[in-house]
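First the structure, in the form of structure tokens, and then the observations on it.
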Amino acid sequence: MTIPAQPALRRPPSAVSREGEGLFGWWREADTRARHAFVAASFGWMLDSFDVMLYSMVLAALIEDPGLRLSLTVAGILNSITLVAAAGGGIAFGVVADRLGRKRALMAAVLIYSIFTAACGFAQSVIELAVFRVALGLGMGGEWATGAALVSESFPARHRGKALAFVQSSWAIGYGLAALVNLIVMPFWGWRGVFFVGVVPALFTFWIARRVEEPEIWHGTSSADRGRIGALFAPHIARITIFITVMNACTLFGWWGLNSWVPAYLQLSPDYHGIGLSSSTMSWFVIAMQGGMWLGYVSFGFIADAIGRKRTYVMFVLAASVLLPLYGYLRQPLILLALGPLVAFFGTGYYSGFGAAVAPYVVGSLAAARGFGAAFGVAGAAFLLAAIAWVGIPDTGNRQLN
């Protein structure tokens, strides 16, 4: 007797939609092109962080180096000019990525920041160090501009926030690796040896060349419409562009005001208004902070997709505006060790766009004159201003890019 075939069971739409939920639903729904874009952007950003933050990890050693004789103010200026260059690099590479493709621009950015990080190890004067840091900054800004575009244009709209949050979380891993390299290399080869390790990320470009493809949206855009910066100031979006620029300037002032100086703050002697930890102890403190930073980046994406980016962003930066000044005034090491991951969680999870270049200089100058409590207080106030700036910015939610 022939048994009649049973009709195929169809899952209800709710069951299908639930496949995309959960911690890694965003990854399962992505195709191969999107996954390769994610890996390229994440590793590029992680290695970018690794190279850029090596400076902060060795900053105390640079200040105490008798050959360079950096003051707190000059040390801050060196970081500020790096961020000025990063802003320029973000704009320039954004145009290059639109014209020539995200893949080529990403490879060029990684090569630039890798080569010039290693070059910092050869610096014999402040001027030479400044030149190398400016060149490094161009690559730094270019990596995020191209990497974020790759992911945003490759992932399904409803998972864009989570995917970008995981990309951003790789910065914390890179920062932690920089602290680990400082912990291992500094005792044997000094700050120059730490910088030399920064050339390693250049090897990653070989993988990008073989595996990464351009997003379909890039192929579908005419060359005449690519790279038009003036389009950002078209009448219907000029107001939003201005508010977003102000918001990013404020938040990144706070971010760089904190993170460019935390390692030095922990290691410098009380004569420099620091805590006076050893280089190895400082490295462990920074590694602990990166745990909070990573969780902040990742959780922000999930919370933002659930309740909206605007509401989540304001919550994070308001918390940071309170916690950051406390971190500068509470000088007991055990309290700082416990508070550090919490400061990093709220003080970095919101991160987007490119940085406010004046922050390291302002914080360094204030630290020299008033101590790190007042300096971090100013950085915390920047977070409050960033929350206010959201008044003029709409929440894009999970709308599809086109």
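The values are calculated or read from the model by the stated rules, or taken from the named source; none is laboratory data. Please read these numbers as outputs of a predicted model, since none were measured by experiment. FYI the Cβ positions are ideal-geometry reconstructions off the backbone, even for glycines, and counts take in every protein chain you see. Side chains are part of the model used for accessible areas, which takes the heavy atoms of the whole protein and leaves out ligands, DNA and RNA. Shrake-Rupley method; radii C 1.70, N 1.55, O 1.52, S 1.80 Å.
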Out of all the residues in region 354-376, which are modelled with pLDDT of 75 or more and crowded, with 21+ Cβ neighbours inside 10 Å?
-> Ala367, Phe372, Ala375, Phe376
The number of residues in region 251-268 that are open to solvent by 20 Å² or more (accessible area, probe 1.4 Å) and over 13 Å from Pro333 (Cα atoms) is 1
So which residues in region 325-341 are in a helix (DSSP H, G or I), closer than 13 Å to Phe285 by Cβ and either open to solvent by 80 Å² or more (accessible area, probe 1.4 Å) or in contact (Cβ under 8 Å) with a residue 40 or more places away in the chain (or both), if there are any at all?
-> Tyr327, Pro333, Leu334, Leu336, Leu337, Gly340, Pro341
Looking only at region 266-316, and only at residues there that are among the polar types (S, T, N, Q) and in a helix (DSSP H, G or I), the one that is farthest from Glu64 (Cα to Cα) = Thr312
Residue that is modelled with the highest pLDDT, among those in region 172-229 that are outside any helix (DSSP H, G or I) and open to solvent by less than 40 Å² (accessible area, probe 1.4 Å) = Val212
Name the one entry in Gly76, Gly88 that is in contact with a helix residue (DSSP H, G or I) (Cβ under 9 Å, 6 or more places away or on another chain) and buried (at least 20 other Cβ atoms within 10 Å of the Cβ).
-> Gly76
Given region 15-130, what helices (runs of 4 or more DSSP H) lie entirely inside it while holding 1 or more residues that are of a type in the set (Val, Ile, Thr), farther than 23 Å from Ala172 by Cβ and modelled with pLDDT of 90 or more?
-> 32-64, 72-100, 102-120
Any chance Glu128 is open to solvent by 20 Å² or more (accessible area, probe 1.4 Å) and of a type in the set (D, E, K, R) | yes
